[in-house]
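The values are calculated or read from the model by the stated rules, or taken from the named source; none is laboratory data. Computed from a predicted model, the values in this text were never measured in an experiment. Glycine also receives a Cβ, built like all others from the backbone with ideal geometry; neighbour counts cover every protein chain displayed. Surface areas here come from the heavy atoms of the whole protein model, side chains and all, with no ligands, DNA or RNA. Shrake-Rupley method; radii C 1.70, N 1.55, O 1.52, S 1.80 Å.
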Amino acid sequence: MPRWFGRTRSGAPPSPPPSRAELRVGIPRVLNLWSTHQFWVGFFGALGVDGRRLVFSSDTSEEQGRQFGKGRGTVDCCYPVKCIAGHYGELVFGQREKLDVLFSPMIYNLPSFLSGHVARTLTCPRVMAAPENVKAGFMKERDVFAEQGIRYAAPFVSLDEPALVPKQLWEGLREAIPGLTATETAGAVAAGYRALAEFGARLRGKSREVLEWCARENRACLMVLARPYHMDPGIGHEIEVDLQAYGYPVLWAQYFPVDSDLMQWAFGADLRAGHIKSPFDIRDVWPSSYSSNTNEILWGAKVAARIPWIACVVRLASYECGMDQPTYTPVQQIVERSGTLFFSFQDLDSTKPAGSVKIRVETITHYLARYAGEIIEKKMAAMDPGCPLR
Ligand code: SF4
């Protein structure tokens, strides 16, 4: 009835909603967007948003914070959260063509290869609440989003519970995306998960190639243990890039190959001894396995301790990180007890401590040049025969 009256009053059909392909959607390149970006690219693509109009903010930088985030801070927090004000500001004020939507999901839990083997895969509470807390800095005097004609969407989303996600995203986005239906949201969510899985498989395949090369050539590589957003040059300060320049391939624990032949070889002894129920079980070292990124760091330490060619682990953590603090000792002990070299860069903040990084990188490469051969040999001797990497 209301639609019938609507038509007769105007005498013409209602004007069509703006085309999805015309929408410009901005996404801050922060926190767990570093590990879930392909989900969002697949999701918005399936909804008809043109990939070229999906705008990710730049890498974090002090300049970005100064230019776009200044005066918009809300709570005193770790740098990976604090810097988000600069990303929001860049998306709101720093675009040649105005955005229609600023999309900043409140991610509650994360898809992980450890799902089902750990207690939960929750995000850090600061991560989950960050969109609300950063938004406050853009609304404390007046509503900057409304002023700029930008719809702000921060849906709460449980990415590790796929059955909940279509409803969460439909409810969180229907005001921001014209004509969005529940059915098409469900289809787009499925496309998002497919894109994320394909991306993960591709990177794991690359990591396997690196490991096979190391095994064939008997060459050392490094593993980085850090949160996904330490891949951001403004957060992790590209320490791993400096190390790679010395000719050591770098693997990130999050994209380590999890093929069953390799997992059985790496964890066979622990499985036979009954210490763990599966290669992805970390209860032997981390019983309170609730935090997704923490779980992956602990698992990464275990795998690095077992794989002979990972001769060195580099740990990165941010200043004021309450989640990483309790893991420092266990991670270091797991790695060092296997004879693997361990170096950590804790308390990373906005500025790159360039001088000390340079000295530490030289120290690390000195030790690697001197001891990598011995480390590989000793770790190889402790492993089962039949390495699938050779
Ligand atoms: S895990 Fe640590 S660095 Fe990351 S948001 Fe939480 S407190 Fe900050």
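Here residue 356 does not fit the description of being among the hydroxyl-bearing types (Ser, Thr, Tyr) and under 22 Å from residue 228 (Cβ atoms).
Within the range 84-108, being within 30 Å of residue 164 (Cα to Cα) and in contact with a Gly (Cβ under 6 Å, 6 or more places away or on another chain) holds for 85, 91, 99, 102. Total residues in the range 285-307 satisfying the condition of being open to solvent by 20 Å² or more (accessible area, probe 1.4 Å) and more than 16 Å from the ligand (Cβ to nearest atom): the figure is 3.
Within the range 51-108, if we keep just the residues that are part of a helix (DSSP H, G or I) and among the hydrophobic types (A, V, I, L, M, F, W, C), the residue that is farthest from the ligand (Cβ to nearest atom) turns out to be 93.
Would you point out the residue of the range 308-332, among those that are open to solvent by 50 Å² or more (accessible area, probe 1.4 Å) and away from the ligand (no atom under 16 Å from the Cβ), that is nearest to residue 344 (Cα to Cα)? Looking at residues that are open to solvent by 50 Å² or more (accessible area, probe 1.4 Å) and away from the ligand (no atom under 16 Å from the Cβ), I get 332. Applying the selection to the range 185-202, what residues are open to solvent by 40 Å² or more (accessible area, probe 1.4 Å) and either in contact with a strand residue (DSSP E or B) (Cβ under 8 Å, 6 or more places away or on another chain) or among the aromatic types (Phe, Trp, Tyr) (or both)? Passing the criteria: only 193. Among the residues making up the range 355-383, those that are at pLDDT below 95 and open to solvent by less than 60 Å² (accessible area, probe 1.4 Å) are 355, 357. The condition (being surrounded by 15 or more Cβ atoms within 10 Å (Cβ to Cβ) and in contact with a Lys or Arg (Cβ under 8 Å, 6 or more places away or on another chain)) is satisfied by just one residue among 145, 156, 113: 145. Checked across the range 344-365, the condition of being part of a helix (DSSP H, G or I), within 16 Å of the ligand (Cβ to nearest atom) and among the β-branched types (Val, Ile, Thr) holds for no residue.
Yes or no: residue 134 within 14 Å of the ligand (Cβ to nearest atom), touching a residue at least 24 places away in the same chain (Cβ under 8 Å), surrounded by 18 or more Cβ atoms within 10 Å (Cβ to Cβ) and more than 16 Å from the chain's Cα centre (by Cα)? When the stated conditions are applied, residue 134 passes them. Residue 72 passes every criterion in (1) open to solvent by 50 Å² or more (accessible area, probe 1.4 Å); (2) of a type outside the set (Ser, Thr, Tyr); (3) at pLDDT 95 or above apart from (3). Scanning the range 208-263 for residues that are part of a helix (DSSP H, G or I), farther than 28 Å from residue 87 by Cα and within 17 Å of the chain's Cα centre (by Cα) yields a total of 0.
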